[in-house]
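Working notes, structure below.
A short reminder: the numbers here are calculations on the coordinates, not readings from a lab. Predicted model only: the values in this text are computed from it and were never measured. Because the Cβ atoms are built from the backbone with ideal geometry, glycine has one as well, and the counts that use them run over all protein chains shown.
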Amino acid sequence: MNTIQVEGMHCKHCEMLVAMELEDRGAKDVKADASTGTVTYEGDLTPQQVSEAIEAAGFKLA
């Protein structure tokens, strides 16, 4: 399990956007929590892939 911190998530829609972008890059079991800014996922994404996914969703890594 991998855990990252994401800045700027405020609601369920934000969580969904982040999850979709990570899943599009191969992540599995993505769980985003806007209240804590925490995202967990399974998979072997590179730091670059994770960063690109978060930016594509409109957010940035904390």
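Tabulated results
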{"quantity": "Candidate set: the range 30-62, residues that are of a type in the set (Asp, Glu) and without any contact (Cβ under 8 Å) to a residue 40 or more places away in the chain; chosen: the one surrounded by the most Cβ atoms within 10 Å (Cβ to Cβ)", "calculated": "Glu52"}
{"quantity": "Residues located in the range 48-62, provided they are charged (D, E, K, R) and under 16 Å from Glu23 (Cα atoms)", "calculated": "Glu52, Glu55"}
{"quantity": "Gly37 being in contact with a helix residue (DSSP H, G or I) (Cβ under 9 Å, 6 or more places away or on another chain) and of a type in the set (Gly, Ala, Ser)", "calculated": "no"}
{"quantity": "The range 24-42, residues that are touching a strand residue (DSSP E or B) at 6+ places or on another chain (Cβ under 8 Å) and farther than 11 Å from Ile54 by Cα", "calculated": "Ala27, Lys28, Asp29, Val30, Lys31, Ala32, Asp33, Gly37, Thr38, Thr40, Tyr41, Glu42"}
{"quantity": "Residues that are surrounded by 14 or more Cβ atoms within 10 Å (Cβ to Cβ) and more than 14 Å from Ala56 (Cβ to Cβ), drawn from the range 10-23", "calculated": "Glu15"}
{"quantity": "Total residues in the range 38-62, condition among the small types (Gly, Ala, Ser) and under 9 Å from the mean Cα position of the chain (by Cα)", "calculated": "3"}
{"quantity": "Unmet requirement for Gly26, which otherwise passes all of (1) surrounded by fewer than 20 Cβ atoms within 10 Å (Cβ to Cβ); (2) under 11 Å from the mean Cα position of the chain (by Cα)", "calculated": "(2)"}
